[in-house]
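The values are calculated or read from the model by the stated rules, or taken from the named source; none is laboratory data. If you're wondering where the values come from, they're calculated on a predicted model, not measured in any experiment. As a convention, Cβ positions derive from the backbone with ideal geometry for all residues, glycine included, and neighbour counts pool all protein chains shown.
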Amino acid sequence: MSESVTIVGAGLVGSLFAIGLAKRGHKVQVHEKRDDIRKLSIPGGRSINLVITSRGAKALQDVGLQKILDQDTVPIKGRLIRTKSGKEEYQPYGVFPDEFNHSISRGRLNCMLISEAEKVGAKFHFESEPTSIDFQKKTIHTQTESIPYQILIGADGAFSKTRKEYLKHLGVEDKVESLGVSYKELFIPSGTNNTFLIDKNALHLWPRGSHLLMALANLDGSFTVTLYTTDGSEIDIHKIDQSKQIQALFSKHYQDAQKLMPNLEKNFLENPNGHLGTVRCKNWTNEKDFILIGDAAHGLVPFYGQGMNSGFEDCSFLFEMLDTNESWESVFRKFNSVQRMNGLAIQNMALAHYHEFSDRAGDMEFIKFKQAEQRIEKAFPDLYRSSYSMVTYSLIPYRFIQSIQKLQEDLILRMLREFGEPEKIDLALAKKHIAKTLTPKLIDANIDLSEEFSL
Ligand SMILES: Cc1cc2nc3c(=O)[nH]c(=O)nc-3n(C[C@H](O)[C@H](O)[C@H](O)COP(=O)(O)OP(=O)(O)OC[C@H]3O[C@@H](n4cnc5c(N)ncnc54)[C@H](O)[C@@H]3O)c2cc1C
């Protein structure tokens, strides 16, 4: 049955959801507080690029936009760790050639999604934001009007007004848990004729403990660079406001990157600071006519590259449920019981991944762990896949992946203790241990790795 659906937020998740709903014949109205992003040059300091992985790719396919992956992204096949001592350590992401990530400009993707949503009938209202929401009378109030709704979707990001209003209605306090880490976007321009000055197919990572630098390629030969620092530590972007300090920081810790950034000082001083946190919200829906999706429901830190991907997975989940012709109430109930647990799992895995990025990535023990794991994964892909592979290249529920993480870690560490070096591990013995510990978990959860990775 065709419904009238009001979405608050025309970001990545709200726009993608609008496409899928409009294609299913629903009347979709989207209210976005900012001006139309397609009219703006991409806002300074916020043109962050993102990686799309399996869950994002599936949602793009669901709305008929899989061509974006081929036409608008740069393949990212591994990470290149640049250590303090100047060494480079390449860590491939996947163990098979078709397993890689896709880097895309957030602004460009957002523009494409809004245009597609309009094309299939969704109506966008820019510079329109709720000042309050009456959940009893099913009405959104803005500065200028009162808008009744039938179904309301809160897709207005980590600092969601719809979430705040809903929690206020329930008498519950809103909670965004700070990581205590802030970030600043910087930039490496392209070389002559749009050439890439460093490997375009790697995520470049400079782990330095309490701070780190990351660079990801754009289609035009440039790189978006992000500096993350710990609030209150010796190196804290909030305390750096002079050219001298910026150059000193980069000369000491990121000299190779510094050479590639002619506008370092200007970008540093002009671009805003971003702050990272985890949205802790138990109430995603009233199981009737209101639901939160994407960052509004489960905002997370970006270190697993899964914020947008998990938000897109919310959309895929809802599309699949709506196609069963169940009532909205029933769909929202299922979403709340299944997807909320997955949201929680990826939030926690993303927090754990922060330490991998900032501290462990360049550490010899960690490198050995990864090498051992990849050797086992390659030998028995139908029996063992790393949690990174499952998160990034399959649609296996985040919750399941998190539930077997410790078992996997114990298994690899045990093999390393017994055999010392990754290449000396007795694979037959590893297989025996997998069959005893991990295989029963996969069977219980009805997960067949050979099918999950053949998408
Ligand atoms: C540095 C960094 C790197 C990241 N890298 C990745 C990555 O590689 N891969 C990945 O999957 N994710 C990544 N993420 C996370 C990703 O950006 C978010 O998860 C994603 O943007 C969430 O989409 P959303 O539509 O839910 O929210 P948003 O993108 O925040 O969109 C919300 C929209 O709602 C609008 N809005 C806000 N308030 C109101 C209001 N009151 N009324 C109306 N409209 C409103 C906003 O203007 C915005 O357009 C990264 C995040 C950061 C910070």
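Couple of notes before you dig in:
To keep it simple, each residue is scored yes or no on (1) outside the structural domain of K288 (by TED's automatic domain parsing); (2) surrounded by fewer than 22 Cβ atoms within 10 Å (Cβ to Cβ); (3) aliphatic (A, V, I, L, M); (4) within 13 Å of the ligand (Cβ to nearest atom).
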position: I140; (1), (2), (3), (4): no, no, yes, yes
position: G191; (1), (2), (3), (4): yes, yes, no, no
position: G221; (1), (2), (3), (4): yes, yes, no, no
position: T224; (1), (2), (3), (4): yes, yes, no, yes
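- Single match in R55, R24, R38 (criterion: within 13 Å of the ligand (Cβ to nearest atom) and surrounded by fewer than 22 Cβ atoms within 10 Å (Cβ to Cβ)): R38
- Flag for Q29 being surrounded by fewer than 22 Cβ atoms within 10 Å (Cβ to Cβ) and either under 22 Å from the mean Cα position of the chain (by Cα) or in the same structural domain as A379 (by TED's automatic domain parsing) (or both): no
- Number of positions in region 135-183 that are more than 29 Å from H275 (Cβ to Cβ) and small (G, A, S): 1
- When the residues of region 91-103 are filtered to those that are within 11 Å of the ligand (Cβ to nearest atom) and touching a residue at least 60 places away in the same chain (Cβ under 8 Å), the one that is surrounded by the most Cβ atoms within 10 Å (Cβ to Cβ) is N101.
- Condition check for A379: in contact (Cβ under 8 Å) with a residue 40 or more places away in the chain, on the phi < 0 side of the Ramachandran plot, of a type in the set (A, V, I, L, M, F, W, C) and buried (at least 19 other Cβ atoms within 10 Å of the Cβ): no
- Boolean, L292 is within 23 Å of I52 (Cβ to Cβ) and either modelled with pLDDT of 95 or more or basic (K, R) (or both): yes
- Scanning region 202-242 for residues that are within 17 Å of E89 (Cα to Cα) and hydrophobic (A, V, I, L, M, F, W, C) yields A202, L203, L205, W206, L212, L213, M214, A215, L216.
- Number of the exception - S337 against (1) touching a residue at least 24 places away in the same chain (Cβ under 8 Å); (2) more than 10 Å from the ligand (Cβ to nearest atom): (1)
- In the set Q66, Q61, Q29, Q71, only one residue is farther than 27 Å from G274 by Cβ and within 14 Å of the ligand (Cβ to nearest atom); that residue is Q29.
- Residues of region 142-177 classified as in contact (Cβ under 8 Å) with a residue 24 or more places away in the chain and surrounded by 15 or more Cβ atoms within 10 Å (Cβ to Cβ), total: 21
- Considering region 117-133, the residues that are of a type in the set (D, E, K, R) and outside any strand (DSSP E or B) include one that is nearest to the ligand (Cβ to nearest atom), namely E129.
- Restricting region 90-101 to residues that are modelled with pLDDT of 90 or more and in contact with a strand residue (DSSP E or B) (Cβ under 7 Å, 6 or more places away or on another chain), the residue that is nearest to Y254 (Cα to Cα): Y90
- Q136 meets each of the listed conditions (1) polar (S, T, N, Q); (2) within 14 Å of the ligand (Cβ to nearest atom); (3) more than 15 Å from A10 (Cβ to Cβ) apart from (2).
- Positions within region 260-279 being within 18 Å of Q245 (Cβ to Cβ) and touching a Leu at 6+ places or on another chain (Cβ under 6 Å), in sequence order: N267
- Given (1) in a loop (DSSP other than H, G, I, E, B); (2) within 10 Å of the ligand (Cβ to nearest atom); (3) of a type in the set (D, E, K, R), number of the condition D314 does not satisfy: (1)
- Selection count where residues are assigned to a loop (DSSP other than H, G, I, E, B) and either of a type in the set (S, T, N, Q) or within 15 Å of the chain's Cα centre (by Cα) (or both), scope region 322-374: 3
- Selected residue (criterion: farthest from the ligand (Cβ to nearest atom)) from residues of region 276-291 that are in a strand (DSSP E or B) and either in contact with a His (Cβ under 6 Å, 6 or more places away or on another chain) or farther than 18 Å from E3 by Cβ (or both): T278
- Applying the condition of being of a type in the set (G, A, S) and within 19 Å of Q255 (Cβ to Cβ) to region 69-89 and asking which residue is surrounded by the most Cβ atoms within 10 Å (Cβ to Cβ) yields G86.
- Being within 15 Å of the ligand (Cβ to nearest atom), among the polar types (S, T, N, Q) and at pLDDT 95 or above is a property that T144 lacks.
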